[in-house]
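Asks: I'd like to ask some things about the structure below.
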Amino acid sequence: MLYGNYAVDAGSIRLAHQGATIDLATATPREILAVRRDTLGYVSQFLRVVPRVAALDVVAEPLTARGVSNDEAREKAAALLARLNLPERLWHLPPATFSGGEQQRVNIARGFITDHPVLLLDEPTASLDAANRTVVIDMIAQKKRQGVAMLGIFHDTDVRDAVADRLIDVTSFAPRQAA
Amino acid sequence: MDEPLLRVAHLSKSYGPRVGCADVSFDLWPGEVLAVVGESGSGKTTMLNAVSTRLEPTAGTVSYRMRDGAWRDVFAMSEAERRFLMRTDWGFVHQNPADGLRMSVSAGANVGERLMAVGDRHYGNIRASAIDWLGRVEIAEDRIDDQPRAFSGGMRQRLQIARNLVTRPRLIFMDEPTGGLDVSVQARLLDLLRGLVSDMGLAAIVVTHDLAVARLLSHRMMVMKDGRVIEHGLTDRVLDDPRAPYTQLLVSSILQV
């Protein structure tokens, strides 16, 4: 719902977007697209991309969509993938054939490449090994220092304790009962 | 600047007592891709043909913002003006490339013809543009003098796209652009289309029955059934959280690989 891919039945989601407050619950599709481009980033659990596009271009895409040149976007994408220890020989292959952990790192790089002021993280470390988990924790800490607000879902308590300032326990939400 | 490119209001088309499409309204902005989905017979192609003035609608209006910024009712234009608009600022990619290409003239002439239609007369420039566009749609330069009948289905479709884009239109209509192509060719064409749409800032209306194609290409999506729009919204919202029972049925019918 926060990212706009689920419709809202009641309530509001207010977000500061380009100097004004916008309610995502009632925003038009066009406004939501603008919010996603400039304000709200998302690291998804799933990788949905055009088949046959190289991992490097998948990661660079959010930047080119904002008007950054291809070369500059690819350079930044390469730096992120290197930091996340994705082997360089995979960069020019489409991610469809990657393992779960490799795909997740492509997703993380794609989400972290921009400077969106708000970032949603959906279990960003679920399928990563310990070394890469540490890299992601560092990257989250770095975003925090840059003043990025982040809302994340973490099952992994170690990561959660390492990055979270505040916790929301959702076990009592029981949306079916509330509805 | 922030104004739609195309406004469709209450568009209906009947074939005698039969409804083709009924009361379709939407705006399309520059650079935006709208997918129209629905099963065969849902009225999506009728709607596309009526919006693109290939069919006379029974009721409703279609307004287009011309390059000079003036809004025009496309059905109030003279036939000559409308034809000029369709040859220059609009493109139409047919499902069957043979409907959009001239099969018995060379590939280069198919691309160059649109340029001549807008007044280009310099043979060298036309040929250079044609070569450039064939390259952009990944057709080898040495095929320029071959007729499209000698091309494979995927090549024909790419040639049709080059023919449509050479005049740098602002709006392009596509009717099942990847229908009838095998999946690897389809993937390549989707990647090509996405790149061209974002590089050129094209607005597009894409009719497809393939929800996966709609997800990858479009920003917004309209679901049609029995000639009416039953759901309309952001593409991933419609696919991830379909509201209308019919959309839920469509989404749950997608084959998983």
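The numbers here are math on the coordinates, done by the rules we state, and not lab data. Values in this document were obtained by computation on a predicted structure and should not be read as measured data. Backbone-built Cβ (ideal geometry, glycine too); neighbour counts: all protein chains shown.
Asks: Using all C-alpha to C-alpha distances in the range A:23-83, build P(r) with 5 Å bins and read off the rounded percent in each one.
Replies: Going out from 0 Å in 5 Å bins, the range A:23-83 shows 4, 16, 21, 23, 20, 9, 6, 2 percent.
Asks: Report, to the nearest 10°, how far helix A:130-145 tilts away from the longest principal axis of the Cα atoms in chain A, using its own Cα long axis and a range of 0 to 90°.
Replies: 60 degrees
Asks: Report, in deg cm²/dmol and to the nearest 500, the calculated mean residue ellipticity at 222 nm for chain B, where each DSSP H run with n ≥ 4 adds -39500 (n - 2.57) and the sum is divided by the residue count. Display every interim value, and only then the final one.
Replies: On the way: 10 runs with 99 residues, N = 257.
Helix contribution divided over all residues of chain B: -11500 deg cm²/dmol.
Asks: Whole number please: convex hull volume per residue, Cα atoms of the range A:39-178, in Å³. Please report the intermediate quantities before stating the final value.
Replies: Values: hull volume 18.2 nm³, N = 140.
Roughly 130 Å³ of hull volume per residue.
Asks: I need the Kirkwood Rh of the range B:71-224: take the reciprocal of the average 1/r across all distinct C-alpha pairs and report it in angstrom. All intermediate terms of the calculation are to be shown ahead of the outcome.
Replies: Numbers: mean 1/r = 0.0624 Å⁻¹.
Computed over Cα pairs of the range B:71-224, the Kirkwood hydrodynamic radius comes out at 16.0 Å.
Asks: Report, for the protein assembly as shown, the % of DSSP beta bridges that are antiparallel, rounded to 5. Numbers along the way, then the final one.
Replies: Details: 25 of 51 bridges.
Roughly 50 percent of the DSSP beta bridges within the protein assembly as shown come out antiparallel.
Asks: Taking N as the number of residues in chain B, what value does Rg over Cα atoms divided by 2.2 N^0.38 Å take?
Replies: Details: Rg = 18.2 Å, N = 257, 2.2 N^0.38 = 18.1 Å.
This ratio for chain B stands at 1.01.
Asks: Still on this structure, I have one more. For a distance above 20 Å, tell me the whole-number percent of Cα pairs in the range B:1-56 that qualify. Don't skip to the answer; put the middle values down first.
Replies: Numbers: 392 of 1540 pairs.
For the range B:1-56, the share of Cα pairs beyond 20 Å comes to 25 percent.
Asks: Could I ask something else about it? So if I place +1 on the C-beta of Lys and Arg and -1 on the C-beta of Asp and Glu, and nothing else carries charge, what would the dipole magnitude of the range B:104-214 be about its Cα centre? I want it in debye, nearest 20. Show your work: numbers first, answer last.
Replies: Numbers: 13 positive and 14 negative charges, 59 e Å.
Its charge dipole is roughly 280 debye.
Asks: Taking just the alpha carbons, could you work out the radius of gyration and Dmax for the protein assembly as shown, both in angstroms?
Replies: Taking only Cα atoms of the protein assembly as shown, I get Rg and Dmax of 23.5, 73 Å.
Asks: Right, something else. Place a +1 charge on the Cβ of each Lys and Arg in the range B:94-163 and a -1 charge on the Cβ of each Asp and Glu, then give the dipole magnitude about the Cα centre in debye, rounded to the nearest 20.
Replies: On the way: 10 positive and 9 negative charges, 35 e Å.
Computed about the Cα centre, the dipole is about 160 debye.
Asks: Would you mind classifying the range B:51-141 by shape? Square roots of the alpha carbon gyration tensor eigenvalues, ordered a ≥ b ≥ c; an a/c under 1.5 is rounded, otherwise it is prolate if a/b is larger than b/c and oblate if not. Don't skip to the answer; put the middle values down first.
Replies: Values: a/c = 2.54, a/b = 1.77, b/c = 1.43.
The shape class here is prolate.
Asks: For B:Lys225, go through the lysines and keep the ones whose alpha-carbon is under 27 Å away, minus same-chain ones fewer than eight residues off.
Replies: Excluding near neighbours in sequence, the set is B:Lys13, B:Lys44.
Asks: Pick out, in residue order, every one of the chymotrypsin sites (Phe, Trp or Tyr not before Pro) in the range B:1-106 that is DSSP loop and has at most 14 other C-beta atoms within 10 Å; say none if there are none.
Replies: Numbers: sites: B:Tyr15, B:Phe26, B:Tyr64, B:Trp71, B:Phe75, B:Phe84, B:Trp90, B:Phe92; in loops: B:Phe75.
Answer in residue order: B:Phe75.
Asks: Shielding of B:25-36 by partners, i.e. mean partner chain Cβ atoms within 10 Å per residue? Walk me through the numbers before you get to the answer.
Replies: Details: counts 0, 0, 2, 0, 2, 0, 0, 3, 0, 1, 0, 0.
Mean partner-chain Cβ count within 10 Å for B:25-36: 1.
Asks: Divide by every residue of chain A the summed helix terms, -39500 (n - 2.57) for each DSSP H run of at least 4, and state the resulting mean residue ellipticity at 222 nm, rounded to the nearest 500 deg cm²/dmol.
Replies: Working: 7 runs with 74 residues, N = 179.
Per the formula, -12500 deg cm²/dmol.
Asks: Given the C-alpha centroids of the range A:82-99 and the range B:72-146, what is the distance between them in whole angstrom?
Replies: Comparing the Cα centres of the range A:82-99 and the range B:72-146, I get a distance of 39 Å.
Asks: Return a whole-number percent for the relative contact order of the range A:39-178, with Cα pairs under 8 Å and 6 or more residues apart as the contact set. Don't skip to the end; give the middle numbers.
Replies: Working: 181 pairs, mean separation 41.0, N = 140.
The normalised contact order for the range A:39-178 reaches 29 percent.
Asks: Enter the Cα centre distance for the pair the range B:147-162 and the range B:8-66, rounded to the nearest angstrom.
Replies: 28 Å
Asks: With a ≥ b ≥ c taken as the square roots of the eigenvalues of the C-alpha gyration tensor of the range B:102-168, please select rounded if a/c is under 1.5 and otherwise prolate if a/b is larger than b/c or oblate if it is not?
Replies: Values: a/c = 1.62, a/b = 1.57, b/c = 1.03.
The shape class here is prolate.
Asks: Still on this structure, I have one more. Please give the charge dipole size of chain B, origin at the Cα centre, charges +1 on K and R Cβ atoms and -1 on D and E Cβ atoms. Round to the nearest 20 debye.
Replies: Working: 31 positive and 32 negative charges, 87 e Å.
Approximately 420 debye in magnitude.
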